[in-house]
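First the structure, in the form of structure tokens, and then the observations on it.
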Amino acid sequence: MNKDAMKKFLTDGAANCKILVVGDVMLDKYYFGEVTRISPEAPVPITHVLEVKETLGGAANVAHNLALLGCKTFVAAQIGYGGHGEMLLKKLRERKVDVTGILRTDSPTTTKIRVISGHQQMIRLDFEDSSEIDGEESKIFLSKVEEIIPEVDAVIISDYGKGICTEEICRKIIQTCRMKKIFVVVDPKGDDWEKYSGANFITPNLKELNEILPKKIKNLDEPVETAAKKVIDEFDLSGLIVTRSAEGLTIIDGEKISHIKAKAQEVFDVSGAGDTVISVFTAALAGGLNPVAAAYLANVAAGVVVAKVGTYAVSREQLLNALEN
């Protein structure tokens, strides 16, 4: 594997990449604390909050990863009015992410609040409305996306099933990008992959791949290869990346098949790892690396992320350091 080419991309090439992320943005909020007693009001632990942390989640985490790589990053998504939406916008702007593709709606900004004591998550509160965007809002959103597409080298569709990645929107984006020869990479959700037909790559984890297969497969090289080839043919794709947790990832690009092993980790938290994989892979493709080299770099980046607790975005400096080790 040509690590010199990867380093050159990270130091020089990434800054020239322009990528649009379309998808379900989220705000992840963490309350870290310690538990010393049980509440007298109910049999629940009382958490003394010591730290509050807010991070970008979902498609916003994809954009965060791209921004930390140095890419010119655009986001097209929907958010609600109120404090959560304002905080999400603030954090995107702090990373110099272009937010002109953001659509404000009456739906709440998807927000996940977690209470953590030590390394143990105790409870999660979700604020969301997963109804699909439609009607006039869908038209306005698509017009925003179509204005941005000619400015970028690649489009990422980050589908978290929260309402923005409808069949109409996905199909229109992929069709427009194919006409303009702009490649599209999709992080899928659910068992309806017809809406992603014609994309260049889809990047499911093994669980997501199994959701669309008639019979579940084990996390072994041969069955993953066989299933991936069928999926590529069925949905008219250029290739597929299957992320396989501790087994690393598999990339099928035409007739080329590569199994890239994960680096052993003492901590293995896969939160946000898929966001990192699709971000680094797409940026590396846009920066001129071949798909296998791009997948290798994405796997290295995922190795950094899974060693962290919670949603995490990897920086260019961290990735350069990981390549050396």
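The values are calculated or read from the model by the stated rules, or taken from the named source; none is laboratory data. Fair warning: this is a prediction, and the values are worked out from it, not measured in the lab. Note that we place each Cβ from the backbone using ideal geometry, even for glycine, and neighbour counts take in every protein chain shown. To get the accessible areas, we keep the full protein, side chains included, count just its heavy atoms, and leave off ligands, DNA and RNA. Shrake-Rupley method; radii C 1.70, N 1.55, O 1.52, S 1.80 Å.
Computed over the stretch 105-223, the P(r) tail beyond 16 angstrom holds 69 percent of alpha carbon pairs. For the stretch 12-155, the equivalent ellipsoid derived from the alpha-carbon gyration tensor has semi-axes of 34, 19, 10 Å in decreasing order. Computed about its Cα centre, the charge dipole of the stretch 90-194 is approximately 640 debye, with only Lys, Arg, Asp and Glu carrying charge at their Cβ. Ordering Ala322, Gly198, Gly101 by the projection of their Cα atoms onto the charge dipole of the chain, which places +1 on the Cβ of Lys and Arg and -1 on the Cβ of Asp and Glu, puts Ala322 at the extreme positive end. Note on the stretch 142-294: with charges restricted to the Cβ of Lys and Arg (+1) and Asp and Glu (-1), its dipole about the Cα centre is near 100 debye.
Using C-alpha pairs below 8 Å separated by at least 6 residues, the relative contact order for the stretch 54-176 is 23 percent. Comparing Leu213, Ser258, Ile156 along the charge dipole axis of the chain, the residue lying farthest to the positive side is Ser258, per the Cβ-charge model. With K and R counted +1 and D and E -1, the other residues having a Cβ less than 15 Å from that of Met87 yield a net charge of +4. Estimated from helices alone, the mean residue ellipticity of the chain at 222 nm is -10500 deg cm²/dmol (sum of -39500 (n - 2.57) over DSSP H runs with n ≥ 4, per residue). The value for the stretch 135-197 of Rg(Cα) / (2.2 N^0.38 Å) is 1.06.
Restricting attention to the stretch 1-91, close to 70% of DSSP beta bridges with both partner residues there are antiparallel. Between Ala313, Ala77, Ala42, the GNM of the chain built on Cα springs shorter than 10 angstrom shows Ala42 fluctuating the most. An ellipsoid equivalent to the chain, defined through the eigenvalues of its Cα gyration tensor, has semi-axes of 30, 25, 20 Å when rounded to whole angstrom and sorted largest first. Measuring only protein heavy atoms, the 1.4 Å probe finds Asp191 accessible over about 110 Å². Restricting the stretch 22-122 to chymotrypsin sites (Phe, Trp or Tyr not before Pro) that sit in a DSSP loop and have at most 16 other Cβ atoms within 10 Å of their own Cβ leaves Tyr81.
This model, with +1 at the C-beta of Lys and Arg and -1 at the C-beta of Asp and Glu, gives the chain a dipole about its Cα centre of some 780 debye.
A Stokes-Einstein calculation at 37 °C with viscosity 0.692 mPa s, built on the Kirkwood radius of the stretch 6-45 over Cα pairs, returns a diffusion coefficient of 210 µm²/s.
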